[in-house]
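We did not get these values from a lab; they are worked out from the coordinates using the rules stated. Given the structure is predicted, the values throughout are model-derived calculations rather than measurements. Don't worry about glycine lacking a Cβ; one is built from the backbone with ideal geometry, like all the others, and counts go over all protein chains shown.
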Amino acid sequence: MPYKFTFDLSPVPRFFFREMARISYQKGMHKTLLNTLQDMIRRFKIQEATGLNLSDAVVVIQDMIDLQAINLMERQKFLQTKKRALLLPHCSRKYMDNRCKAMFDENLPSYVCAHCSPDCLVNKADFLAKKRGYDVYVLPGGSCVTKILKAAKYEGVVGVACGSEIRISGEILQGTGVAGQAIPLIKNGCSNTVFNMESLAKTL
Ligand code: SF4
Ligand code: SF4
């Protein structure tokens, strides 16, 4: 299930995310997590920038910190992988209607980007990842992940999605031996969603 609320962290300064990454490194963080999160949310004026209430902001940021911590734990294993895939969410396409020229291939299952819009996030990510040897999938939902992993024996997977979808994909990856890295959306809402291209480039 997606979040029950929408959020857009794109106006939040990059320094906030660097601070978040720093916090993810700290061991024993969970005991003081709530206080630290609330303090960060106030310090960086997250509510003012996004319109989120405090409890929703805590949910989003906590999910992001959890994901960052898992990324760090998995990083070494991921770096040793060779056969990799990038899983992108269909909601980050520039268009969700027929202006998007991507065709859905049920056999993959994935949209195949037709590169109609140079400023489309999916197009940019597709280009970046393919240049680095990744197979790229643009998914309408987390349920496609199982099929993709069954069809191709990937060693490493980078997934972009909202926190709740990444959690589901993480559960699918568990016990498969596939090393995962996650990039959470910074703007959700199931259309015109946004992820940070810089974070993706670093992760790839
Ligand atoms: S660039 Fe690709 S994903 Fe983006 S709108 Fe065009 S066909 Fe769709
Ligand atoms: S925001 Fe995107 S990834 Fe998350 S549930 Fe909606 S469509 Fe799926």
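With unit charges on the beta carbons (Lys and Arg positive, Asp and Glu negative) and the dipole taken about the Cα centre of the stretch 89-204, which residue among C120, P184, L108 sits farthest to the positive side?
So the residue furthest toward the plus end is C120.
Calculate the radius of gyration of the Cα atoms of the stretch 38-159 to one decimal place, then report Dmax, the largest Cα-Cα distance, as a whole number, both in Å.
17.2, 48
Mean residue ellipticity at 222 nm from the helices of the chain, using -39,500 (n - 2.57) per DSSP H segment of n ≥ 4 over the full residue count, to the nearest 500 deg cm²/dmol? Walk me through the numbers on the way to the answer.
Working: 8 runs with 91 residues, N = 204.
One gets -13500 deg cm²/dmol as the mean residue ellipticity at 222 nm.
To check you understand DSSP bridge types, tell me what percent of the beta bridges within the chain (both residues inside) are antiparallel, rounded to 5.
Antiparallel bridges: around 30 percent, rounded to the nearest 5.
Got a sec? How would C190, C113 order by Cβ neighbour count within 10 Å, fewest to most?
Lowest count first: C190, C113.
Sort C100, C116 by Cβ crowding within 10 Å, fewest neighbours at the top.
Starting with the residue having the fewest Cβ neighbours, the order is C116, C100.
List the residues, sorted by chain then number, that are 5 or more residues from S110 or on another chain and whose placed amide H is less than 5 Å from its amide H.
Hits under the 5 Å cutoff: D105.
I'd like to know which of F17, T146, S164 lies farthest towards the positive end of the charge dipole of the chain, counting +1 on Cβ of Lys and Arg and -1 on Cβ of Asp and Glu.
After comparing all options, I get F17.
Report, in degrees rounded to the nearest 10, the 0 to 90 angle that the Cα long axis of helix 54-79 makes with the longest principal axis of the chain.
Value to nearest ten degrees: 50.
Can you pick out the pairs among K77/K187; K4/K82; K94/K153; K45/K77; K4/K130; K83/K150 whose Cα atoms lie more than 25 Å from each other?
Pairs exceeding the cut-off: K77/K187; K4/K82; K94/K153; K45/K77; K4/K130.
Would you mind checking which residues have amide H under 5 Å from Y3's amide H? H placed 1.01 Å from N; only 5 or more apart, or other chain.
Counting only residues 5 or more places away or on other chains, the set is S164.
Taking the Cα centre of the chain as the origin, how large is its charge dipole in debye, to the nearest 20, when only Lys and Arg (+1) and Asp and Glu (-1) carry charge on their Cβ atoms?
That gives the chain a dipole magnitude of about 580 debye.
Any chance you could list P(r) for the chain, counting all Cα-Cα pairs in 5 angstrom bins from zero, rounded to whole %?
1, 7, 16, 19, 20, 16, 11, 6, 2, 0
If you take every residue apart from Q181 with its C-beta less than 11 Å away from the C-beta of Q181, what net charge results, scoring Lys and Arg +1 and Asp and Glu -1?
+3
From the backbone phi of the stretch 152-158, what are the Karplus-calculated ³J(HN,Hα) couplings (6.51 cos²θ - 1.76 cosθ + 1.60, θ = phi - 60°) in whole Hz, Gly and Pro given as x?
Once θ is set to phi - 60°, the couplings for the stretch 152-158 become 10, 8, 6, 9, x, 9, 9 Hz.
For each of Y95, Y137, Y154, Y3, count neighbouring Cβ atoms within 10 Å of the residue's Cβ, then give the residues from fewest to most.
Y95, Y3, Y154, Y137
Return one number: the angle in degrees, 0 to 90 and rounded to the nearest 10, between the long axis of the Cα atoms of helix 163-173 and the longest principal axis of the Cα atoms of the chain.
60 degrees
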